[in-house]
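Remarks on the structure that follows.
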Amino acid sequence: MNAVVSPPSPYSSAMSTSNTETHTLSVLVDNDPGVLARVVGLFSGRGYNIESLTVAEVAHAEHLSRITIVTSGTPEAIEQIGHQLDRLVPVHHVTDLTLKGGAIERELAMVKVQGKGDNRVEALRLADAFRARVIDATTQSFVFELTGRTDKIDQFIELMRPIGLIDVSRTGVAAISRGALPL
């Protein structure tokens, strides 16, 4: 009995770490119920993880929303995901901001830290260095608001961990291309 060998699929290498890249995709869609579920279903159906996901209405009159997705995979797999997203009916336009280059990416985080004495002073000093704002303070804790690149937020969180990190809430990446042209 001969075994049938299928050609490799770009999806089969999704979990492989060799040749894996992280990409930010901007997807302009109709702002209708179920659209997000269809987009996310495309990723989950192929075994891809979404590292960050943000959605918001961007054109009220046109009833359009932008979904910003950060995901990882081989270049071929990312390209295939882009093509498949483009074929979904409620999708108007897909842009791989990573390939386009020059995109601006930011994330918002709220970071709750407890501390007294020297730890409290150190938390405030680090917050100042990272340009984090105190948005809530008690005698026992602070809540800091921080906006920036994902790696900056990750670094701030790691520095707060030994001081007394209690909780973190993050928005996910919002991204936009540079220049005068949309997307």
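Each reported figure results from applying straightforward, stated rules to the coordinates on display, with no laboratory input. Note that the structure is predicted; figures quoted are calculated from it, not measured. We place every Cβ from the backbone using ideal geometry, glycine too, and count neighbours over all the protein chains shown.
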Next item on the list: Using amide H atoms built 1.01 Å from N in the peptide plane, name the residues 5+ places from residue 64, or on other chains, whose amide H lies under 5 Å from its own.
Entry: 31, 58, 59
Checklist line | Approximate spin-label separation residue 134-residue 106, in nm, with each point projected 7 Å along Cα-to-Cβ | finding: 2.3 nm
Next item on the list: Measure nothing fancy, just the Cα-based angle from helix 35-44's long axis to the longest principal axis of the chain, in degrees from 0 to 90, nearest 10.
Entry: 80 degrees
Next item on the list: For region 162-175, take each phi angle, set θ = phi - 60°, evaluate the Karplus expression 6.51 cos²θ - 1.76 cosθ + 1.60, and give the result in whole Hz per residue in order, putting x for glycine and proline.
Entry: x, 6, x, 4, 10, 7, 9, 10, 10, 7, x, 6, 10, 9
Margin query: Explain nothing, just compute: Karplus ³J(HN,Hα) = 6.51 cos²θ - 1.76 cosθ + 1.60, θ = phi - 60°, for every residue of region 113-128 in order, whole Hz, x for Gly and Pro.
Written below: 10, 9, x, 10, x, 4, 5, 5, 5, 5, 4, 5, 5, 5, 4, 5
Next item on the list: Please list the equivalent ellipsoid semi-axes of the chain, computed as the square roots of five times the alpha-carbon gyration tensor eigenvalues, in descending order and whole angstrom.
Entry: 37, 22, 14
Next item on the list: Determine, for 68, 139, the number of other Cβ atoms within 10 Å of each Cβ, and report the residues in order from fewest to most.
Entry: 139, 68
Margin query: Is the C-alpha gyration tensor of region 104-175 telling us rounded, prolate or oblate? Criteria: a/c under 1.5 is rounded; beyond that, a/b larger than b/c is prolate, otherwise oblate.
Written below: prolate
Item checked: Choice from 143, 27, 89 showing the highest fluctuation, given a GNM over the chain with Cα pairs closer than 10 Å -> 89
Margin query: Can you tell me how region 21-100 classifies by the Cα gyration tensor, rounded, prolate or oblate, using a/c under 1.5 as the rounded cut?
Written below: prolate
Margin query: At most 16 other C-beta atoms within 10 Å and a DSSP loop state: those are the exposed trypsin sites (Lys or Arg not before Pro) I care about. Give me the longest piece of the chain that has none.
Written below: 1-115
Next item on the list: Using a Gaussian network model of the chain whose springs link C-alpha atoms within less than 10 Å, name the residue from 60, 83, 23 with the highest mean-square fluctuation.
Entry: 60
